[in-house]
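Asks: Once you've had a glance at the structure underneath, I'll fire off some questions.
Nothing in this text is a laboratory measurement; each read-out follows from the coordinates by a stated rule. Worth saying up front: this structure is predicted, and the values here are computed from it rather than measured. Neighbour counts run over all protein chains shown; Cβ positions are idealised from the backbone, glycine included.
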Amino acid sequence: MKPGVILLDDHPLILRSMKAIVEMDGQFEVLATCSSWQDLLQTLETKSPEIIVLDISLPDIDGFDIFTKLREFRPEIKTIIYTMHRVRRYMEHFHQNGANGYVLKSGELGELVDALKHVHNGERYFPENVVGIKAKDDDYEDNQIQLTDSERITLKALNANRSNKEIAERLEISINEVIDIRKSLLFKSNAVNTSELLEYAKKKKWI
């Protein structure tokens, strides 16, 4: 029987690509794909994977909480973080707190399969010299990050505790478009949740 894997990411295209590359390799069985924490919880009621590959930027739960809750809820399941965040402190956090792997979305898609094989064999898979990786957000200067008008309005609204619905009405766009703007802001700030985003935005005088 092939080792079972569950893939968690809120972006449908990324999920399809992940599933395709894992199935093409043939060593693992993709038991399910999930797009949210609640979706994953429901799936785990009937599925028992060896490994969960998870994004840490999801709309319904803070990034670090996903990993922490999984460790508490199903400690026997191995975890691989699959993320766009090339940030030293994130890698160190997950390395120190027992994650089995950390793979960057900016790398080759086949690297995900390599990570799965290492983790299945009882090894850990992290970028080389995790402690020495330079954090992207430490390198950025204010003038290197360009915010759109919609992003600036969204930031101010988030700082005022406005909901996605209220922001959508203010910008006259859909809630899904607001979610996309928030993801863009998280990417530009290398934050994993709104609290960290706002802290960074204040530091950079964006708000």
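Asks: Let me have the relative contact order for the chain, percent, based on Cα pairs under 8 Å that are six or more residues apart. Numbers along the way, then the final one.
Replies: On the way: 277 pairs, mean separation 33.9, N = 207.
Value for the chain: 16 percent.
Asks: Moving on to the next point. Under a 5 Å amide H to amide H cut-off, with H placed in plane at 1.01 Å, what residues pair with Leu58 once short-range neighbours are removed?
Replies: Gly63
Asks: For the pairs Lys69/Lys156; Lys78/Lys188; Lys183/Lys205; Lys165/Lys202; Lys105/Lys183; Lys47/Lys117, flag any whose C-alpha to C-alpha distance is greater than 26 Å. Mind dumping the intermediate values first?
Replies: Numbers: Lys69/Lys156 30 Å; Lys78/Lys188 29 Å; Lys183/Lys205 19 Å; Lys165/Lys202 23 Å; Lys105/Lys183 15 Å; Lys47/Lys117 20 Å.
From the list (Lys69/Lys156; Lys78/Lys188; Lys183/Lys205; Lys165/Lys202; Lys105/Lys183; Lys47/Lys117), the Cα-Cα distance tops 26 Å for Lys69/Lys156; Lys78/Lys188.
Asks: Further, regarding this structure: Calculate the dipole size of segment 140-203 relative to its Cα centre from +1 charges on Lys and Arg beta carbons and -1 charges on Asp and Glu beta carbons; express the result in debye to the nearest 20. Kindly include the intermediate steps, with their values, before the conclusion.
Replies: Values: 10 positive and 11 negative charges, 35 e Å.
The calculated dipole for segment 140-203 is roughly 160 debye.
Asks: Can you give me the Cα centroid spacing of segment 1-33 and segment 167-185 in angstrom?
Replies: 29
Asks: Next question. What range in the chain is the longest one free of GluC sites (Glu not before Pro) that are in a loop by DSSP and have at most 12 other Cβ atoms within 10 angstrom? Numbers along the way, then the final one.
Replies: On the way: sites that count: Glu45, Glu76, Glu108, Glu123, Glu128, Glu141, Glu172.
The reported range is 1-44.
Asks: Using the crude model of +1 on Lys and Arg Cβ and -1 on Asp and Glu Cβ, and no other charge, please compute the dipole size for the chain relative to its Cα centre, in debye to 20.
Replies: On the way: 28 positive and 34 negative charges, 83 e Å.
Rounded to the nearest 20 debye, it is 400 debye.
Asks: Could you tell me which residue out of Phe28, His85, His11 lies farthest along the dipole of the chain toward its positive end? Charges go on the beta carbon: Lys and Arg +1, Asp and Glu -1, centred on the Cα centre.
Replies: Checking the options against the dipole of the chain, the answer is His85.
Asks: Would you pull out the residues with amide H under 5 Å of Thr79's amide H, same chain only if 5 or more places away, H placed 1.01 Å from N?
Replies: Ile52, Asn100, Gly101
Asks: Relative contact order for segment 140-203: what percent, with Cα pairs under 8 Å and sequence separation of 6 or more? Walk me through the numbers on the way to the answer.
Replies: Details: 37 pairs, mean separation 18.8, N = 64.
Relative contact order of segment 140-203: 29 percent.
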